[in-house]
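To start, the structure itself, in structure tokens.
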There are 2 protein chains.
Amino acid sequence: MSRPKPLSGFPEFLPAQRIVEQRVLAALAGTFELHGFGSIETRALEPMAQLARKGEIDKEVYVVRRLHAEGTSDAELGLHFDLTVPFARYVLENSGHLNFPFRRYQIQKAWRGERPQEGRYREFLQADLDVVGQSALAAHHDVEVALVVLEALERLHTDFGVPPVLMRVNNRRLAEGFYRGLGIDDHLAVLQRVDKLDKIGPDAVRALLTGELGLSIEVAAQCLELATISAPDDSFVERVRALGVRNDLLDEGLEQLAAVVRAGAAAAPGRIVADLKIARGLDYYTGTVYETELSGYEHLGSVCSGGRYDSLASDGRTTYPGVGLSIGVTRILVPLLGKGLLTASRSVPTCVLVAVDSEETRGEADAIAARLRARGIATEVAPKADRFGKQIRYADRRGIPFVWFASGEVKDIRSGEQVAADPDAWEPPADDLAPKVSAR
Amino acid sequence: MSRPKPLSGFPEFLPAQRIVEQRVLAALAGTFELHGFGSIETRALEPMAQLARKGEIDKEVYVVRRLHAEGTSDAELGLHFDLTVPFARYVLENSGHLNFPFRRYQIQKAWRGERPQEGRYREFLQADLDVVGQSALAAHHDVEVALVVLEALERLHTDFGVPPVLMRVNNRRLAEGFYRGLGIDDHLAVLQRVDKLDKIGPDAVRALLTGELGLSIEVAAQCLELATISAPDDSFVERVRALGVRNDLLDEGLEQLAAVVRAGAAAAPGRIVADLKIARGLDYYTGTVYETELSGYEHLGSVCSGGRYDSLASDGRTTYPGVGLSIGVTRILVPLLGKGLLTASRSVPTCVLVAVDSEETRGEADAIAARLRARGIATEVAPKADRFGKQIRYADRRGIPFVWFASGEVKDIRSGEQVAADPDAWEPPADDLAPKVSAR
């Protein structure tokens, strides 16, 4: 076999990079569990019918079949392209065994056959957090999921030096109510065009609204005016009110969005804004919508998105409304790791390397290692009874900070300091026990 | 959408079962890292050419293609069916960036399109541990990987009540040397037939050896005699010697196997035996081979297998010998969880539910929850300001042990005991902080 080449769009990490990823995932999962969200995992494969949306199959799906499946009646399967579709299926399949509101997180890979580019991969890791109710779900969960996710992302910033985020929040009811208050019936047609604001600019959007949809210049101006409103607090409510439109759905949307932004600004100041042009596509969101930028990496697109869907799943009798967010772990990590901006202090979990005097006395080194491990100190034994200089280089190449000698001494190979030590009592400095992850 | 049905061969866990799986995985990963093994993950997809063995493609592979891939030049891809093939590819691809001997573990799903049955799944989780050298790898690593894996499996037994294991070890050199010492050239042909001993019995094997291979009755008897030898210590060496066969390769195999069993018996008494009929297929193993039974679940087959392969990977210039084991996590957990023999003490991470007096004062409950979380106590806030009886039932259904009232009291809902408490100081009993996993 000659040296294989990487597959474009399928990123893999070297051991030190994987340590960063492990820490990031542990911080996310730890925050989620602290808030009472439990983990689930779903199978990687779903029937193609489940992966279809509104009858149409998303074109980026990977279809899976057994190599020798001819003549069998296997259902056609595909790799899931997100964690929402399988989660909705899981909720329906297990609804009799779940307690609602059901709070879950899910950290798994997903696959899309898209053209690979920075921030877009064919295999990528997502960390999803959702609350799902049976028939109903209170609006305060829209606040809760945003706060939990902001807390998790803030932890990545403070603990590891991942850049800070800015979450932009909007509410579908707000926009729909506003448009209806202006006498517009097809609010989705307006939303669709206003959504292009950042891409094509206000003049082009105005032309679409007056041309394609036949809105008056005044009404089109109101729609554009709404989309330009953004604020780090609930001051946006007054600015919307000042536009003079009155509608019950608008009031409901304003109230919900104000609640999210007020709580977010209190818990995570500077990390959240109301941004009334955010639409998040048109498919299933029905209330709050979220998008999140990584500061300095805005070109990657949103690294954490989601929203409220009033019927995530339905079995015909019962509807399951939900609200949740999905963190694009691969989208965040691959650029930062690729540029070496996030690093682990060593490439192995090992804190201590026990040197071996001779192959005959390897058992003594093994015994010392076992005593260190019994107290939670990750330890390996040198693979070869080379001269000590070579054994120290073995540790150095991996970033292992300490070398233990059978003579009963331990050496910090960074400072060169060597002291007598007891394997049943010696403790490394807390910072050296496990690899440290930090920004460069 | 009507209620979906499970896909046969693709097991999924309910939240409480997933907690058991999380704990088991953390115990395995924790043990591996304590011994200086680092984590890697490889992509789920490999080029079909990589999944081919000796030019032939394993018939259970799942082939993957983009739904709209017609006319493109995408390489044909398949889902990996184990973690060894992708690991070998990873080592070759990244050899310039790895330090050898390279010690890694890998916990990931794999897929095989086999007919599903108990102990055999189409999607399953493996936990692999290997050491790989560049050009050479010392024999003491054959001892090491067995000890690390036995320690990890023993931890599942003592911490969670997973049944104990029995690891059966053999050595290919031993068998090959013995057969060669008997004047047999085609040792693989003999091994292949002796491997059927458990299935077809000694008489039928003897008939194959004398009939198909033309061995004399005496030589066939010697081969059978060797296969019946098993011992929990190195006493097997003398029993093999007593058969009177002399060969250098046999000596080497005896010495290597004795080293593994001696160290295993010392570190994990009763958990390891030398068993000279173990063959583990015929493909790539070249020295030590391992198989492991779960006590009381022998019908599942081996739950942890592996061996020494003198060329795990080769790029034409350099060969990478390795030794490792693969734990069948799904094979162990699905039967135990399905029978309810392993359980978590609750279905959520939550330790405390903060009750809500009224929706107007939800913010006060949120503030109490935040103070508990700041000290690592997993806390959620009741989703609805129902009367307290209903909020307590919310906790009870999930197994949440404590309910906190804004009045400044906390109630253990199992004993009914209610005491005044300070959210900045109160600690739950250590056993209640996280869900407990135990055997029933």
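The values are calculated or read from the model by the stated rules, or taken from the named source; none is laboratory data. What you are looking at is a predicted structure, and each value in this text was computed from that prediction instead of being measured. For neighbour counting, all protein chains shown are included, and Cβ atoms are generated from backbone atoms with ideal geometry for every residue, glycine included.
Given the options A:S305, A:S311, name the one that is within 27 Å of A:G133 (Cβ to Cβ), without any contact (Cβ under 8 Å) to a residue 60 or more places away in the chain and within 13 Å of chain B (Cβ to nearest Cβ).
After ruling out the rest, the residue left standing is A:S311.
Please note which helices (runs of 4 or more DSSP H) are completely contained in region B:181-228 and include at least 1 residues that are assigned by TED's automatic domain parsing to the domain that holds B:A242 and over 17 Å from B:K277 (Cα atoms).
Helices (runs of 4 or more DSSP H) meeting the threshold: B:197-211, B:217-227.
Which residues, counting only those in region B:293-310, are at pLDDT 95 or above and within 20 Å of B:H140 (Cα to Cα)?
Within region B:293-310, B:C304, B:S305, B:G306, B:G307, B:R308 meet the criteria.
Name the residue, out of B:E93, B:E123, that is within 8 Å of chain A (Cβ to nearest Cβ), farther than 19 Å from B:F32 by Cα and more than 22 Å from the chain's Cα centre (by Cα).
Being within 8 Å of chain A (Cβ to nearest Cβ), farther than 19 Å from B:F32 by Cα and more than 22 Å from the chain's Cα centre (by Cα) holds for just one of B:E93, B:E123, which is B:E93.
Filter region A:310-320 down to residues that are in a strand (DSSP E or B) and either surrounded by fewer than 23 Cβ atoms within 10 Å (Cβ to Cβ) or not assigned by TED's automatic domain parsing to the domain that holds A:D130 (or both), then give me how many there are.
Here the count works out to 4.
Just give me the residues in region A:315-353 being among the charged types (D, E, K, R) and more than 28 Å from A:P428 (Cβ to Cβ), in sequence order.
A:D315, A:R317, A:R331, A:K339
Among the listed residues A:E76, A:E118, which satisfies the condition of being over 22 Å from A:H35 (Cβ atoms), touching a residue at least 60 places away in the same chain (Cβ under 8 Å), charged (D, E, K, R) and more than 7 Å from chain B (Cβ to nearest Cβ)?
A:E118
Please find, among A:L249, A:L182, the residue that is within 23 Å of A:A139 (Cα to Cα) and either surrounded by 15 or more Cβ atoms within 10 Å (Cβ to Cβ) or among the polar types (S, T, N, Q) (or both).
A:L249
Examine region A:25-33 for a residue that is facing chain B (nearest Cβ under 7 Å) and either modelled with pLDDT of 95 or more or closer than 30 Å to B:A369 by Cβ (or both), and state whether such a residue exists.
Checked against the condition, which is being facing chain B (nearest Cβ under 7 Å) and either modelled with pLDDT of 95 or more or closer than 30 Å to B:A369 by Cβ (or both), region A:25-33 yields at least one hit.
In contact with a helix residue (DSSP H, G or I) (Cβ under 7 Å, 6 or more places away or on another chain) and surrounded by fewer than 23 Cβ atoms within 10 Å (Cβ to Cβ): is that true of B:G96 in this structure?
In short, no.
What about A:G161, is it touching a residue at least 60 places away in the same chain (Cβ under 8 Å), under 30 Å from B:L67 (Cα atoms) and out of contact with any His (no Cβ under 7 Å at 6 or more places or on another chain)?
The answer is no for A:G161.
Could you please find all residues in region A:399-408 being surrounded by fewer than 21 Cβ atoms within 10 Å (Cβ to Cβ) and not aliphatic (A, V, I, L, M)?
Selection gives A:G399, A:F405, A:S407, A:G408.
Could you please give the count of residues in region A:256-272 that are charged (D, E, K, R), in contact (Cβ under 8 Å) with a residue 60 or more places away in the chain and in a helix (DSSP H, G or I)?
Result for region A:256-272: 0.
Which members of region B:70-128 meet the condition of being of a type in the set (V, I, T) and more than 21 Å from B:L25 (Cβ to Cβ)?
Result: B:T72, B:V85, B:V91.
Of the numbered conditions (1) touching a strand residue (DSSP E or B) at 6+ places or on another chain (Cβ under 8 Å); (2) more than 14 Å from every other protein chain (Cβ to nearest Cβ), A:K339 fails exactly one; give the number of that condition.
That leaves (1) as the condition not met.
Of all residues in region B:355-368, which are more than 10 Å from chain A (Cβ to nearest Cβ) and either of a type in the set (V, I, T) or under 22 Å from B:F10 (Cβ atoms) (or both)?
Matches in region B:355-368: B:T361, B:I368.
Kindly establish whether B:E144 is in contact with a strand residue (DSSP E or B) (Cβ under 8 Å, 6 or more places away or on another chain), in the same structural domain as B:S326 (by TED's automatic domain parsing), of a type in the set (D, E) and modelled with pLDDT of 95 or more.
Spelling it out, B:E144 is indeed in contact with a strand residue (DSSP E or B) (Cβ under 8 Å, 6 or more places away or on another chain), in the same structural domain as B:S326 (by TED's automatic domain parsing), of a type in the set (D, E) and modelled with pLDDT of 95 or more.
For A:T330, only one of the following conditions fails: (1) buried (at least 17 other Cβ atoms within 10 Å of the Cβ); (2) in a strand (DSSP E or B); (3) among the polar types (S, T, N, Q); (4) within 12 Å of another protein chain (Cβ to nearest Cβ). What is its number?
Checking A:T330 against (1) buried (at least 17 other Cβ atoms within 10 Å of the Cβ); (2) in a strand (DSSP E or B); (3) among the polar types (S, T, N, Q); (4) within 12 Å of another protein chain (Cβ to nearest Cβ), the one that fails is (2).
Only one of B:K436, B:K411 is of a type in the set (K, R), crowded, with 17+ Cβ neighbours inside 10 Å and more than 14 Å from chain A (Cβ to nearest Cβ); which?
B:K411
Taking only region B:273-300 into account, find how many residues are assigned to a strand (DSSP E or B) and among the acidic types (D, E).
3
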